[in-house]
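A.B. asks: Submitted below is the structure of interest, expressed as structure tokens.
The values are calculated or read from the model by the stated rules, or taken from the named source; none is laboratory data. Source: prediction; values computed, not measured. A quick note on method: Cβ atoms are made from the backbone with ideal geometry, for glycine too, and the neighbour counts reach across all protein chains shown.
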Amino acid sequence: MHRIMNYPVLFFAISVALLWVAALLGTLLRRSRWHIAEDEREDFGLVVTASLTLLGLIIGFTFSMAMTRYDQRKNYEEAEANAIGTEYVRADLLPPADAQKVRSLLRAYTEERVLFYKADRTDLQQINAQTTQLQKELWSALRTPIEEKPTPVMALVVSGMNDVLNSQGYTQAAWWNRIPVAAWILMIAMALFCNFLIGYGSHTVNPKTSHFLVFSIIVSTAFLLIADIESPRGGVIRVVPQNLQSVYDSLPAQ
């Protein structure tokens, strides 16, 4: 399910088709078998209204979930930039040679983190591998000076590096945190059911009437927006690494 959500435009097209077909099936079923008596239309209208209200609530709740995850990714990007900037300053506490090495590695690491946000799925594996290698080199660069001089001041450098490494893990976890598949299934099923009821309760005798398509497009547009926000790499709305880029631009080349 999440693979389809990574392509919001494709998901939009599939949603429009499915919802429209559901409405047409409702119309065909009413024409061929069961008819709604006029004295039953008021009660049927209450059922349709209640169903549409519930669909609106589910869409709103899912949209809120998508926005929460989007904000979380933005917050972790900011936290990651702050951690790198702080550790770059704390490198002054190391001996000059070690400080220069750590700063050089931090600049290369920041560049990889910027690329992580801008990369497509095809380049992600290579970027993650390079990031992991740089993390090992950063930690290794601290071991010698810390072992030689294990003071409380040096502990600040270790703490700062720990924040750098942890922030990357938190960021990755936030990018993996997607809307549950069950929530998508519930929302899509509810939309199909509502479209079926609208088609079934329609007064028209023409199952190809355009207002079924219009409503399908409206609901699918809401799905498109949710999928676009919720997809870290497949949508138009993405987290731009402004803070990381700013930190990278401020770090002088060693």
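A.B. asks: Mind counting the residues in the range 136-194 that are of a type in the set (Lys, Arg) and crowded, with 16+ Cβ neighbours inside 10 Å?
C.D. replies: Residues flagged as of a type in the set (Lys, Arg) and crowded, with 16+ Cβ neighbours inside 10 Å within the range 136-194 amount to 1.
A.B. asks: Restricting attention to the range 216-229, does a residue exist that is over 30 Å from Thr131 (Cβ atoms) and over 23 Å from the mean Cα position of the chain (by Cα)?
C.D. replies: Taking every residue of the range 216-229 in turn, at least one turns out to be over 30 Å from Thr131 (Cβ atoms) and over 23 Å from the mean Cα position of the chain (by Cα).
A.B. asks: Would you pick out the residues in the range 41-55 that are free of Cβ contacts under 8 Å to residues at least 60 places away in the same chain and polar (S, T, N, Q)?
C.D. replies: Passing the criteria: Thr49, Thr53.
Every residue, every condition in (1) in contact with a Ser or Thr (Cβ under 7 Å, 6 or more places away or on another chain); (2) at pLDDT 90 or above; (3) farther than 20 Å from Leu94 by Cβ, yes or no:
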site: Thr151; (1), (2), (3): no, no, no
site: Met154; (1), (2), (3): no, no, no
site: Val157; (1), (2), (3): no, no, no
site: Met161; (1), (2), (3): no, yes, no
site: Val164; (1), (2), (3): no, yes, no
site: Thr171; (1), (2), (3): no, yes, yes
site: Ile185; (1), (2), (3): no, yes, yes
site: Ala189; (1), (2), (3): no, yes, yes
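A.B. asks: On the given criteria, is Ile36 within 15 Å of Phe196 (Cα to Cα), surrounded by 13 or more Cβ atoms within 10 Å (Cβ to Cβ) and at pLDDT below 85?
C.D. replies: Here the answer is yes, as Ile36 does meet what is asked.
A.B. asks: Looking at this structure, is Leu55 part of a helix (DSSP H, G or I) and more than 26 Å from Pro152 (Cα to Cα)?
C.D. replies: yes
A.B. asks: A further question on this structure: Would you confirm whether any residue within the range 6-13 is more than 19 Å from Leu244 (Cα to Cα), touching a Ser or Thr at 6+ places or on another chain (Cβ under 7 Å), part of a helix (DSSP H, G or I) and modelled with pLDDT under 85?
C.D. replies: Within the range 6-13, not a single residue is more than 19 Å from Leu244 (Cα to Cα), touching a Ser or Thr at 6+ places or on another chain (Cβ under 7 Å), part of a helix (DSSP H, G or I) and modelled with pLDDT under 85.
A.B. asks: Take the range 56-67 and flag every residue that is surrounded by 14 or more Cβ atoms within 10 Å (Cβ to Cβ) and free of Cβ contacts under 8 Å to residues at least 12 places away in the same chain.
C.D. replies: Gly56
A.B. asks: Do the conditions hold for Ala83, that is, is it touching a residue at least 40 places away in the same chain (Cβ under 8 Å), closer than 15 Å to Val247 by Cα and in a helix (DSSP H, G or I)?
C.D. replies: In short, yes.
A.B. asks: Out of Asp92, Asp98, Asp163, Asp120, I need the residue that is touching a residue at least 40 places away in the same chain (Cβ under 8 Å), more than 28 Å from the chain's Cα centre (by Cα) and on the phi < 0 side of the Ramachandran plot. Which one?
C.D. replies: Being touching a residue at least 40 places away in the same chain (Cβ under 8 Å), more than 28 Å from the chain's Cα centre (by Cα) and on the phi < 0 side of the Ramachandran plot holds for just one of Asp92, Asp98, Asp163, Asp120, which is Asp98.
A.B. asks: Among (1) surrounded by 17 or more Cβ atoms within 10 Å (Cβ to Cβ); (2) acidic (Asp, Glu); (3) out of contact with any Lys or Arg (no Cβ under 8 Å at 6 or more places or on another chain), which single condition is Glu80 missing?
C.D. replies: (3)
A.B. asks: Identify, please: which residue in the range 217-231 is under 15 Å from Ile14 (Cβ atoms) and aliphatic (A, V, I, L, M) and is, among those, surrounded by the fewest Cβ atoms within 10 Å (Cβ to Cβ)?
C.D. replies: Among those residues, the one meeting the criterion is Ile217.
A.B. asks: Taking the range 234-250, which residues are under 11 Å from Tyr117 (Cβ atoms) and either assigned to a helix (DSSP H, G or I) or of a type in the set (S, T, N, Q) (or both)?
C.D. replies: Passing the criteria: Gln242, Asn243, Leu244, Gln245.
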